[in-house]
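Working notes, structure below.
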Amino acid sequence: MAGDRFTPDFDPDCGDRPLTSARQDIVIGRWQGLRELLRDTSADWSVRSHRIRLLAPACAGSSTVESWLAAEPRSADALVLRAATDVARAFNLAIAAGRGVPIDQNRIDRAVLACLQAAEAYPEDPTPWISLISVARLYPAGVRRQELGRWWDELHGRDPYSMEGHLQILHYYSSRWHGTHGLMYDFARDAAGVAPAGYALPVLVQFARVEEYRYILDGAMGQRDAVVGLGQHWNHDAAVSDVRRTWQRWIADRPDGPVAPWEVRDLNYLTHAASYAGTTDIAAALFTMLGRRASRTPWSYTGDPEKEFVKWRNKPSRRA
């Protein structure tokens, strides 16, 4: 395909057709599609966390999950999705209020209670604990270290290599929330170091680098040119080494096969990092893996996401 005619596919469901169908049901208030999707997902935790993560924001603006609970008040799947939806609604309030403006703590408390109810209803499921760790960020001072540690232990005991769970802890430890750059990177590298070969956790380091970039850019009021040294953020020696290390620990040992929907976002983060780090061999291989499958983040943090994706995919040094 000619470079100037290439168009990336920013499918919000990352090619997960059953998820797309269920999200269409939400629009018309039909909850049965949600029940069927989560029942069929069962205990495949990677798929489940991917689907819950994308369903919750879609449910946040409707009463579909409440209709499901009214019809089936003991449904564990409905309680898990309601908890994630309450968390999404709390974040929507925080976004509307603006950075640094606290929201009503009762709304956060209600989301926490919904998560704990979901965890009790579906004891094997790690997803409610992911939701808990996520909403903990919204408390102005975070949560007590012992409490966060207990929630993390519950999650880790159910799904020790949960990408989504680790990512929520990483966000919590970031400077934008309740930690520091150093604490965030330490956590990411520790998680990468213990992950079995072929697991995606090493890409947490690339998520951390994006988090740091966003924090710096926020401080500069979005003026990239005003930040001294920001141009080297992606391609200094440590950043380049991190990209090659993630490739080796994750992609080089990843089982052969097509890219799954729940891998698309994470592969885009590594592709973005490889492109900006100048590791053209890795970037070329990753773009080949992805094909047209693109996620708006992290490309949107460095420019227009479509233009960014196409520019780096068609970079002359890649095609040589």
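The values are calculated or read from the model by the stated rules, or taken from the named source; none is laboratory data. Only a predicted model underlies this, so the values are computations on that prediction, with no experimental measurement involved. Here the Cβ positions follow ideal geometry from the backbone for every residue, glycine too, while neighbour counts run over all protein chains shown. SASA here: full protein model, heavy atoms, side chains in, ligands and nucleic acids out. Shrake-Rupley method; radii C 1.70, N 1.55, O 1.52, S 1.80 Å.
What the table shows:
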read-out	value
Three-way shape label, region 23-162, alpha-carbon gyration tensor, a/c 1.5	oblate
Between 0 and 90°, nearest 10: helix 32-41 axis offset from the chain longest Cα axis	60
Estimated distance in nm for a label pair at His236 and Glu147, the labels positioned 7 Å out from Cα along Cα-to-Cβ	3.6
Ser300-Arg244 pseudo-label distance in nm [points 7 Å out on the Cα-to-Cβ vector]	3.3
Residue-normalised accessible area of region 1-140, given per residue in Å² at a 1.4 Å probe	46
Cα Rg over Rh - region 129-211, Kirkwood	0.94
Efficiency of FRET from Cβ geometry, Arg30 and Arg110, R₀ 25 Å, rounded to 0.05	0.45
Extension reserve of the Arg214-Gln117 stretch, reckoned as 0.36 nm per residue once the Cα distance is removed	31.5 nm
Gyration tensor verdict on region 109-168 (Cα atoms; rounded if a/c is under 1.5, prolate if a/b is larger than b/c, oblate otherwise)	oblate
Heavy-atom accessible area order for Arg5, Arg53, Arg292, Arg17, largest first, 1.4 Å probe	Arg5, Arg17, Arg292, Arg53
Amide H within-cut-off set for Arg293, under 5 Å, with H built and near neighbours excluded	Asp9
Percentage relative contact order, the chain, counting C-alpha pairs under 8 Å, at least six apart	16
Two-site label geometry, Ser21 and Asp256: point separation in nm, points 7 Å out along Cα→Cβ	3.1
Structure-based [θ]222 nm, the chain - -39500 (n - 2.57) summed over DSSP H runs of at least 4, per residue, nearest 500	-19500 deg cm²/dmol
Shape category assigned to region 238-320 from the gyration tensor of Cα positions, a/c cut at 1.5	rounded
Gained length - Lys311 relative to Asp281, 0.36 nm times residue gap less alpha-carbon distance	9.2 nm
Coordinate range along principal axes, alpha carbons of region 235-274, Å, largest first	31, 18, 9
Total charge dipole magnitude, the chain, about the Cα centre, Cβ charges on Lys, Arg, Asp, Glu only, Debye to nearest 20	640
